[in-house]
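Peer 1: Here it is, the structure in full.
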C-alpha cells in the first residue's frame, strides 16, 4: 500500500476516533453546577458535571468536601451539610 495513502487513513481514523470520544464525553454531561461548602470554618467551591443536576450536585459536593474534611467521619458529616451556595453553569 502507498505510504501516503496509509498515512492519510491513519490520520483520518485518529480524527474520527477523537471526534467520537469528544462527543461521548460532552453528551453525557448535560448539567454543570458550582457548589460552595462550608465546614468547620473553612469554605471550598468546586464545579462538577453530570447527566442529571442531582449527580452534578453530589459530585461537586464530594469534591469540595474532599478539600475540607479529613477522614471518613468528617467526609460524611461535610457531605450531609447543606451547601453554602449552588450555582448552575451553562
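No lab work stands behind these numbers, since they all come straight from the coordinates. All values reported here derive from a predicted model rather than from experimental measurement. All Cβ positions, glycine included, derive from the backbone under ideal geometry; neighbour counts span all protein chains shown.
Peer 1: Given a cut-off of under 8 Å on Cα pairs at least six residues apart, what relative contact order in percent is computed for the chain? Let's see the in-between values first.
Peer 2: Working: 123 pairs, mean separation 26.1, N = 90.
Answer for the chain is 29 percent.
Peer 1: With 21 Å as the cut-off, how large is the P(r) tail for the chain, expressed as percent of Cα-Cα pairs?
Peer 2: Everything past 21 Å amounts to 49 percent.
Peer 1: Here is a further query. Would you mind checking the tilt of helix 53-68 against the longest principal axis of the Cα atoms of the chain, expressed as 0 to 90 degrees and rounded to 10?
Peer 2: On a 0 to 90 degree scale, this one is about 70.
Peer 1: Let me ask you something else. If you line up the long axis of helix 3-27 against the longest principal axis of the chain, both from Cα atoms, how many degrees apart are they, to the nearest 10?
Peer 2: The helix 3-27 is inclined about 20 degrees to the chain.
Peer 1: Just grab the label-to-label distance for residue 47 and residue 21, each label 7 Å out from Cα along the Cβ direction, in nm (one decimal).
Peer 2: My value for the distance between the label points is 2.2 nm.
Peer 1: Order the peptides 83-90, 4-11 from the highest to the lowest mean number of other Cβ atoms within 10 Å of their residues.
Peer 2: The peptides rank, most packed first, as 83-90, 4-11.
Peer 1: Expressed in nm to one decimal, what extension gain is obtained for the pair residue 72 and residue 12 from 0.36 nm per residue of sequence separation less their Cα-Cα distance? Walk me through the numbers before you get to the answer.
Peer 2: On the way: separation 60, 0.36 × 60 = 21.60 nm, distance 4.77 nm.
Length gained between residue 72 and residue 12: 16.8 nm.
Peer 1: Normalised by the empirical 2.2 N^0.38 Å for globular proteins, what value does the Cα Rg of segment 37-90 take?
Peer 2: Segment 37-90 yields a ratio of 1.07.
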